[in-house]
Structures are given as C-alpha cells and as structure tokens.
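Colleague: After the structure tokens below, expect a handful of questions from me.
The values are calculated or read from the model by the stated rules, or taken from the named source; none is laboratory data. Keep in mind that what you see is a predicted model, and the values were worked out from it rather than measured. Glycine gets a Cβ as well: all are built from the backbone with ideal geometry, and neighbour counts include every protein chain shown. When the accessible area is computed, the model is the full protein with side chains, heavy atoms only, and any ligands, DNA or RNA have been set aside. Shrake-Rupley method; radii C 1.70, N 1.55, O 1.52, S 1.80 Å.
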Amino acid sequence: MASFTNQIFVFFLFTFALKTSASLETYSSNGLLPFSSKHVVIINKLVSHAVLTVHCRNKGEDLGVRRLNWGESFDFKFRVNLRKTTTYTCSFEWPNNTATFDIFRADRDDNPKSKFGVCSECIWSIYELTPCRDRRDGGQPQCLRWGS
C-alpha cells in the first residue's frame, strides 16, 4: 500500500512541477508535453484599414471585446490543458462583415504532426479574406478559411 501511495505522490509532484516550472518551459513549448505555454498575437491587417472588433474566449474564459485600429494588435497567454483540447475561438467584426475563427486549437497549433506545426508564439494577421498565421522565419504565412 505504501508503494502505491508513493507512486501517487510522485505523479502529483511531477504534474505540479511540470505545470509550474520555468525550467521546463523550453521543453514543453514543443508540443510534446502538456501545459505548454502559448502566446497568441492578433494583428489588424484589414486591407480597408477599418477598425477590427475582436472577441475571444474558450470554455472557461472570456477575454472581452477589443477594438483594434489598423496595424494594432491584441495578445494573450495561456497554457495548453492536460488533455491537449485547448481551443480559443474569436469573433471578428469590421464594417458590413462578421466572421469567426479558432485562433488557437491544440490539435492544429500544438501538434508536431499537424501540417501547420507547433507554435509557441502564434501570430495571426487578420485580413478580410482570411486569417493568416505568420511564420517566425519570414516564410509564406499559413492562411486558413474563416470558420475553421
């Protein structure tokens, strides 16, 4: 019985250390470990230079409504949950248009097997036609369809 109790203690201790340790940050951001830290940046790049209204939320958190002038950005940070099901959905409004988009999905943005790869800093440029995830290496952005 003591061995089983020790195993449970070690598991919880490891989970706590993994979730809170800054020293593991580098390793967990590659999508292989749970609780990886993420930083999402949303930039208004509407060709019309219109004001972009952004409202992002996940199941347990509402980030509020933000109004971005052209070229302005809004960012937020979080950690991916243990089951790697974390999703943040945003609604976007600009004159005569509304659209929604999953600005972060763990299966797409924190999965080494995804065609989009893992991002620890997920930078999204918002255009009228499409949201595009910018690449840190300056390569071609990855543009997706609204509603995906």
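Colleague: Select, from Asp102, Asp107, the only residue that is touching a Lys or Arg at 6+ places or on another chain (Cβ under 9 Å), of a type in the set (Asp, Glu) and not in a strand (DSSP E or B).
Modeller: Answer to the selection: Asp107.
Colleague: Please give the number of the condition Arg108 fails out of (1) open to solvent by less than 20 Å² (accessible area, probe 1.4 Å); (2) touching a residue at least 24 places away in the same chain (Cβ under 8 Å); (3) not polar (S, T, N, Q).
Modeller: Here Arg108 meets the rest and fails (2).
Colleague: Can you pull out every residue in the stretch 80-93 that is assigned to a strand (DSSP E or B) and either at pLDDT below 95 or under 15 Å from Trp124 (Cβ atoms) (or both)?
Modeller: Thr87, Tyr88, Thr89, Cys90, Ser91, Phe92 - these are the residues of the stretch 80-93 that are assigned to a strand (DSSP E or B) and either at pLDDT below 95 or under 15 Å from Trp124 (Cβ atoms) (or both).
Colleague: Another question, then. From the list Trp146, Trp124, exactly one residue is closer than 24 Å to Thr53 by Cα and assigned to a loop (DSSP other than H, G, I, E, B). Which is it? Give the steps one after another, and end with the answer.
Modeller: Details: Trp124 fails: assigned to a loop (DSSP other than H, G, I, E, B).
So the residue among Trp146, Trp124 that is closer than 24 Å to Thr53 by Cα and assigned to a loop (DSSP other than H, G, I, E, B) is Trp146.
Colleague: Those residues that are of a type in the set (A, V, I, L, M, F, W, C), open to solvent by 40 Å² or more (accessible area, probe 1.4 Å), out of contact with any helix residue (DSSP H, G or I) (no Cβ under 9 Å at 6 or more places or on another chain) and part of a loop (DSSP other than H, G, I, E, B), I need them from the stretch 31-73; list them, please.
Modeller: The first filter runs over the stretch 31-73 and keeps only residues of a type in the set (A, V, I, L, M, F, W, C), leaving 32-33, 35, 40-43, 46-47, 50-52, 54, 56, 63, 65, 68, 70.
Now restrict to residues that are open to solvent by 40 Å² or more (accessible area, probe 1.4 Å): 32-33, 47, 51, 65, 70.
Still in the list and also out of contact with any helix residue (DSSP H, G or I) (no Cβ under 9 Å at 6 or more places or on another chain): 32, 47, 51, 65, 70.
Listed by number, the residues that qualify are Leu32, Val47, Val51, Trp70.
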